[in-house]
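Worksheet: one structure, shown below.
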Amino acid sequence: MISLSLFSFGQNDFYTHPDWARNSSIYEVNIRQYTPQGTFKAFEASLPRLKEMGVDILWIMPIYPIGEKNRKGSLGSYYAVKDYQKVNPEFGTLDDFKELVAKAHSMGFKVILDWVANHSAPDNFLTVVHPRWYTHDSTGKIIPPVPDWTDVADFNYDQKGLWSYQIESMKFWIKNADVDGFRCDVAMMVPLEFWKEVRTQLDQTKKVFMLAEAEGPEFNRNGFDMTYGWELLNLMNKIAKGEKNTEDVVQYLKRTDSLYTKNDYHMYFTSNHDENSWNGSEYERMGDAVKCLDVLCFTLPGMPLIYSGQESAISNRLKFFDKDSVAWKDFPLQKFYQSLLALKKSNPALWNGTEGGDLQWLQTGNKGVLAFTRKKGSRQVVVILNLSNKPQSVQLNSPQQLEGKYKDLFTSTTTTLHGITNRNINSWDYTILVKE
């Protein structure tokens, strides 16, 4: 049994977050599906729109050549990497990617690359040159990390030569394309000691931002700025179905506070490439609750994620192994996300980690309605969410430190909070009040 004391360390003492991450939000870019062309140059045309929307960090899904051996579908998985230091020709050239990053940087974006450290394509040249770097069965055959992942080959991290190769390959993209960090695929399937070494070495090249596809404070202690908020996602899916309620959200935050430090970043989301393709779009899983739960993701202590197509409210599952372009329509949620991103960027109460304000729960007298405030200095935000499919009436009990005039983020109307405020809230409705 592992003692919880192992996870009760203070803030990490061997790395710090990049300064630019303090008030950032993140946007996942699926190059293959983003445009009909599926190229870096075609995606580049969307940068002005994403800048206007308020995006800070562009997380770009794997850009490397995809293996042909055991390939799934017509185009294969982005995560079946054939060469870690080359570009998938379907997306363009290395120069095209460098130009994309340079253009993004000139507009104020940061760019992180999806990194696949746990496995490669079965026809990656490393399987021939360094077969000891892979896991073998009793017959000597290289095997996948999970039986169903037949299109990839499992790395053996007992081999320190593999460590050096992976780190040098990550440095390749920093030195040659000036990327700002990495999102690390299935980070929990790779030794923590490796990730700590990665962070130590990469920071000597450039101060990077590291996102682990993993959940647990041990990853924040070993090289990562941010981990996944899967537990909250699962909770939100159940809230949308009426299986969980506001009390479960409160308990989740209490557990999080007990295990993590305030400066550990959590990524919160209603969708990403895995959720969309394998578990269903946010509309399949959450129905009418989507926007309300997005507001929750943007206002809790954490960094919100938007996945390609969410600003156009796409409701279909994007194919994972084949071409399936996003149907952009007329961007019906662009302004919705723009308002949330602008507030996140400008209001220190919602900033990340220790730069942001503490969360205080507010009494509503109704288990269907969640209300809380976050405050940093003179800046204060109040959030009221009806996490149910029925209209609710609440009495918001405003403590003295909450009193004052507020502007509604979405309606621009002015509200005064004083004593007990009575409110009627429609099903899955949401309100964000910003202190003037």
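The values are calculated or read from the model by the stated rules, or taken from the named source; none is laboratory data. Everything numeric here is computed off the predicted structure, so don't read it as measured data. Virtual Cβ from ideal backbone geometry, glycine too; neighbours counted across all protein chains shown. Side chains are part of the model used for accessible areas, which takes the heavy atoms of the whole protein and leaves out ligands, DNA and RNA. Shrake-Rupley method; radii C 1.70, N 1.55, O 1.52, S 1.80 Å.
Surface exposure of the stretch 187-267, expressed per residue as accessible area with a 1.4 Å probe, stands at 38 Å². Give the calculated FRET efficiency between Gln85 and Gln204 to the nearest 0.05, with a Förster radius of 30 Å applied to their Cβ-Cβ distance. The calculated FRET efficiency here is 0.95. Taking Cβ atoms as reference points and 15 Å as the exclusive limit, the residues near Val382 contribute a net charge of +3, counting Lys and Arg as +1 and Asp and Glu as -1. Dividing the mean sequence gap of close Cα pairs (under 8 Å, 6+ apart) by how many residues the stretch 374-420 holds gives a relative contact order of 28 percent. Every pair of different Cα atoms in the stretch 387-436 enters the Kirkwood calculation, which places the hydrodynamic radius at 11.7 Å. Net charge dipole, the stretch 83-195: roughly 340 debye, given to the nearest 20, about the Cα centre with Cβ charges of +1 for Lys and Arg and -1 for Asp and Glu. With all pairs of different C-alpha atoms in the average, the Kirkwood value for the hydrodynamic radius of the stretch 348-426 is 13.3 Å.
Considering only Leu362, Tyr265, Met303, the residue lying farthest towards the positive end of the dipole of the stretch 265-377 is Leu362, judged by Cα position with unit charges set on Cβ. Beyond 25 Å, the tail of the calculated P(r) for the stretch 123-238 holds 32 percent of the Cα pairs. Seen against the Cα atoms of the chain and their longest principal axis, helix 94-106 is set at about 20 degrees. The convex hull around the C-alpha trace of the chain, projected and averaged over every direction, spans 21.3 square nanometres. Over the stretch 255-409, the pair-distance histogram of Cα-Cα distances with 10 Å bins from zero comes to 10, 34, 35, 17, 4, 0 percent, rounded to whole numbers. Considering only Gln159, Val250, Thr205, and ranking their Cα positions along the charge dipole of the chain that arises from unit charges at the beta-carbon of Lys, Arg, Asp and Glu, the one farthest toward the positive end is Val250. Go through Lys51/Lys103; Lys329/Lys390; Lys103/Lys329; Lys41/Lys329; Lys82/Lys319; Lys171/Lys207 and tell me which ones have a Cα-Cα distance over 23 Å in this structure. The answer is Lys329/Lys390; Lys103/Lys329.
Surface composition of the stretch 215-336: carbon plus sulfur atoms contribute 47% of the solvent-accessible area (1.4 Å probe, protein chains only, all chains present). Calculate log10 I(q)/I(0) of the stretch 78-165 for q = 0.11, 0.16, 0.18, 0.20 Å⁻¹, where I(q) comes from the Debye formula with a single equal point scatterer on each Cα and nothing for solvent. Values returned for q = 0.11, 0.16, 0.18, 0.20 Å⁻¹ are -0.40, -0.72, -0.83, -0.94. To the nearest 10 degrees, how steeply does helix 160-177 sit against the main Cα axis of the chain, on a 0 to 90 scale? Helix 160-177 and the main axis of the chain meet at about 70 degrees. Axis of helix 192-205 versus longest Cα principal axis of the chain: the two differ by about 90°, to the nearest ten degrees. Put a plus charge on the Cβ of each Lys and Arg, a minus charge on the Cβ of each Asp and Glu, and nothing anywhere else: the dipole of the chain about its Cα centre is then about 900 debye.
Selection among Tyr79, Asn124, Ser315 by position relative to the dipole of the chain gives Ser315 as farthest towards the positive end (Cβ unit charges, Cα centre). Placing +1 on the Cβ of every Lys and Arg and -1 on the Cβ of every Asp and Glu, with nothing else charged, gives the stretch 57-103 a dipole about its Cα centre of roughly 220 debye. Other residues lying with their Cβ under 14 Å from the Cβ of Gly242 contribute a combined charge of +2, Lys and Arg counting +1, Asp and Glu -1.
Summary value for the chain: 14 percent relative contact order, contacts being C-alpha pairs under 8 angstrom separated by 6+ residues.
Here the sum of -39500 (n - 2.57) over DSSP H runs of 4 or more residues, divided by the residues of the chain, equals -8000 deg cm²/dmol at 222 nm, to the nearest 500.
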